[in-house]
Amino acid sequence: MIEELDEILNERAREELGEAPYASTEPLEKTATFVSGMDDWRGDARLYRVEPALEGYEFVVVSAASVPYSGPETYIFGSNAEGTDVNMSELDGSYRGGLSHRLALSNAGYTVID
């Protein structure tokens, strides 16, 4: 009897409130927030803060440049908060054939916030 009553009450709560309105099963949105432009880089380079971190980096530099013999490319590099200590290994999301920071960060699963 008590089990039946619990089931009825749980069913009513699900109908009124949804399955679990307080606990989403969706992953948190991944965001990349523009921090600053980067001087002394070839092409258009910008520093972003990414949440959650990308391959262990909370900050990344995204560089979009047209390179002789290989054409346009947009790469993501791990960085410190100032953009002065950059790991030049390409991170997920980097691509060749275009010059879009948004596309590179989107390739890595992030939404850009200006």
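Where a number appears in this text, it was derived from the coordinates with a stated rule and is not lab data. The shown structure was predicted, so the numbers you read here are calculated from the model rather than taken from an experiment. Note: ideal-geometry Cβ built from the backbone for every residue, glycine included; neighbour counts use all protein chains shown.
Stretching the chain fully between ARG102 and GLU55 yields a gain of 15.1 nm (0.36 nm per residue, less the alpha carbon separation). Amide H contacts of VAL35 (H built 1.01 Å from N, in plane; Pro and chain starts excluded): LEU47, TYR48, ARG49 sit under 5 Å, all sequence-distant by 5 or more or on other chains.
Of the peptides 60-72, 80-92, 98-110, the ranking by mean beta-carbon count within 10 Å, highest at the top, reads 98-110, 60-72, 80-92.
Using the Cβ of GLY109 as centre and a radius below 12 Å, the other residues enclosed give a net charge of -3, where K and R count +1 and D and E count -1. Between VAL67 and PHE34, how many nm apart are label points set 7 Å from Cα along the C-beta direction? Spacing of the two 7 Å Cα→Cβ label points: 2.5 nm. Residues THR74, THR31, THR111 in ascending order of nearby Cβ atoms (within 10 Å, fewest first): THR111, THR31, THR74. Within the stretch 75-100, what residues put their amide N at less than 11 Å from the label point 7 Å along the Cα-to-Cβ vector of ARG42? Zone members listed by number: none at all.
For the stretch 35-85, trypsin sites (Lys or Arg not before Pro) meeting the loop criterion (DSSP other than H, G, I, E, B) and having at most 13 other Cβ atoms within 10 Å: ARG42. Note on the stretch 60-114: Cα convex hull, mean projected area over all directions, 4.0 nm².
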